[in-house]
Amino acid sequence: MIEVKEQHGGVTVMPLPRNSDKIQVSVYLDKQLKERVAKLARKQRRSVSNLIEVLCEQAVEGAEQEEAKRAS
């Protein structure tokens, strides 16, 4: 099976090979930030990928709530 990489806004995304609604996203992080994330992931017994997903979800939810407050 050949995977096709698509560019969306400068971010490479690839669908996972199994049945999943998740996609793979490649990002560049500062080396020190990556080390901090890895350390926190170990403390929380999570993978780096899972921790980044959780942090992104929290950040997006917070931003959406702030946006909703400004709109009302």
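Derivation of every value follows stated rules applied to the coordinates shown; laboratory data play no part. Since the structure is predicted, the reported quantities are computational estimates derived from the model, not experimental observations. All Cβ positions, glycine included, derive from the backbone under ideal geometry; neighbour counts span all protein chains shown.
How much FRET efficiency would the formula 1/(1 + (r/R0)^6) give for Asp30 and Arg70, where r is the Cβ-Cβ distance and R0 is 25 Å, rounded to 0.05?
0.25
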What full-extension length gain, to one decimal in nm, is calculated for Leu40 and Val54 as 0.36 nm per residue of separation minus the Cα-Cα distance? 3.8 nm
With a 10 Å Cβ neighbour count serving as the proxy for reagent exposure, in which order, fewest first, do Leu55, Leu33 appear? Leu33, Leu55
Check cross-link reach from Lys43 to the aspartates and glutamates: straight Cα distance under 18 Å, and skip same-chain residues fewer than eight apart. Glu35, Glu53
Which of the peptides 39-52, 56-69 is most tightly packed, and how do the rest follow, going by the mean number of other Cβ atoms within 10 Å of each residue? 39-52, 56-69
